[in-house]
1. Could you give the size of the charge dipole of the chain about its Cα centre, using +1 on the Cβ of each K and R and -1 on the Cβ of each D and E, expressed in debye and rounded to the nearest 20?
2. Going by C-beta contacts inside 10 Å, put 184, 305, 396 in order with the fewest on the left.
3. Would you mind classifying the chain by shape? Square roots of the alpha carbon gyration tensor eigenvalues, ordered a ≥ b ≥ c; an a/c under 1.5 is rounded, otherwise it is prolate if a/b is larger than b/c and oblate if not.
4. Antiparallel as a % of all DSSP beta bridges within the chain, to the nearest 5?
5. Against the 2.2 N^0.38 Å scaling, with N counting residues, where does the range 1-112 land? I'd like the Cα-based Rg ratio to two decimal places.
6. Can you figure out the FRET efficiency of residue 412 with residue 14, using R₀ = 30 Å and their beta-carbon distance, to the nearest 0.05?
7. Any idea which of 340, 392, 328 is furthest toward the positive side of the dipole for the range 276-423, if Lys and Arg beta-carbons carry +1 and Asp and Glu beta-carbons -1?
8. How would you classify the range 228-278 from its alpha-carbon gyration tensor, with a ≥ b ≥ c the square roots of the eigenvalues: rounded for a/c under 1.5, else prolate if a/b is greater than b/c, otherwise oblate?
Amino acid sequence: MTQGEKITVENGQMNVPNQAIIPFIEGDGTGPDIWAAASRVLEAAVEKAYNGEKGIEWTEVLAGQKAYDKTGEWLPEETLETIRDYKIAIKGPLTTPIGGGIRSLNVALRQELDLFTCLRPVRHFSGVPSPVKRPEDVDMQIFRENTEDIYAGIEWQEGTEEVGKVIDFIRNEMGVDKIRFPETSGIGIKPVSKEGTERLVRSAIEYALNEGKQSVTLVHKGNIMKFTEGSFKAWGYDLAEREYGDKVFTWKEYDQITEEKGRDAADQAEKEAVDAGKIVVKDAIADIFLQQILTRPKEFDVVATMNLNGDYISDALAAQVGGIGIAPGANINYESGHAIFEATHGTAPKYAGQDKVNPSSVILSGTLMLDHLGWREASELIHKAMDKTIASKVVTYDFARLMDGAREVKCSEFADELIKNMD
Ligand SMILES: NC(=O)C1=CN([C@@H]2O[C@H](COP(=O)(O)OP(=O)(O)OC[C@H]3O[C@@H](n4cnc5c(N)ncnc54)[C@H](OP(=O)(O)O)[C@@H]3O)[C@@H](O)[C@H]2O)C=CC1
Ligand SMILES: O=C(O)CCC(=O)C(=O)O
Ligand SMILES: [Mg+2]
């Protein structure tokens, strides 16, 4: 086999060698089981799709508990440097303690590499058990802003000198008298910027145009958080109209037409725009959106939203199509070409070392990676094998407990089955 080479990006163009070196982070908890299974499936698919002409050379980079045990650092600089250098990486989940301790390494990776889009596609695989009647109606692409919002980690703990200073500033300098219990509050800050919004919404609209999608929905809680989530909506519409005016019809335009000429004229304008193949850019307030994705999922296509909304929405939608065991994700900077592919779920520590959990989320994150590299044939092989394996009711515990007549297999055995079913 020839030596692996680096993936490079020049003038926005990605060059992928036939033997591509790809860094991976194994992950904490169930990460080692899942990664062992997922890496074998990805290798087998590439080998089979290209008769050995293409291949992946994995190179391990450390993060999380394994990194701490070996180096004394949770996220060594060398890991960040290697991913920066090799452009593309894939990872298992990493643990974040609650309430104290280290901040999220998952979030740190996204922020350090400025991976501003978290893309989480949600669609149903035939035969996967679901709590809803028509899971096949769900086919959405969540574009979650990945660098801002409360995930910026700007917060101060109750009772500290720092929080005292911040509360004094807010009360005395800013004239705010609305902190209900100022003596015992922790304080968090939620930055949401125009630039951050625009690059995220741009990537969602570009995706919708390239993939022939019909709508982009901006999801926000702008009625309550007016200058963060409300501005997200306003900046999103402005960007859509300014940069994609001839390709989109926005609900902001709809409202303007309604005001000037009435609702019938606005309905007619929207219908004409849709008939002309334009994408409808609309918005929804986050609470009602969570109801509507359950009651009328067909109305939503590409979804663009802020960090916290996207976190909640992606787990809620994953449940509709079989759970987070099968929901993939990608963290992408569309400008620099850097990307890290990772599952939607976490480390599921109670199952660690049991070779039990579903590896599909990391495997399907791997198919997003293969698509990103332009190796679609390998990605399609995995999708077909997934359909076939699930149809034969050979599944891990999470699906087996919801399916009649299923044969429950281990994480590694599910990978074996996928590889067997690649034809
Ligand atoms: N990007 C990342 O790396 C993420 C990391 N985390 C971190 O993971 C840790 C644990 O978080 P927690 O909230 O418990 O969420 P987890 O996603 O780790 O687990 C919650 C539940 O989801 C189900 N689940 C998770 N993974 C799988 C899988 N591969 N196959 C089948 N079912 C699965 C299990 O359900 P059941 O009990 O019903 O079997 C599990 O108990 C935390 O430290 C958190 O911060 C969380 C999310 C993302
Ligand atoms: O970083 C974490 O621990 C949680 C991240 C998370 O929930 C997500 O990526 O969806
Ligand atoms: Mg999450």
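The numbers here are math on the coordinates, done by the rules we state, and not lab data. Quick caveat, the model's predicted, so the values are computed rather than measured. Because the Cβ atoms are built from the backbone with ideal geometry, glycine has one as well, and the counts that use them run over all protein chains shown.
1. Computed charge dipole of the chain: roughly 940 debye.
2. Taking fewest neighbouring Cβ atoms as first place, the list is 184, 396, 305.
3. oblate
4. Of the beta bridges lying entirely in the chain, close to 35 percent run antiparallel.
5. The range 1-112 yields a ratio of 1.17.
6. 0.40
7. 392
8. Oblate, because a/c is 1.5 or more while a/b does not exceed b/c.
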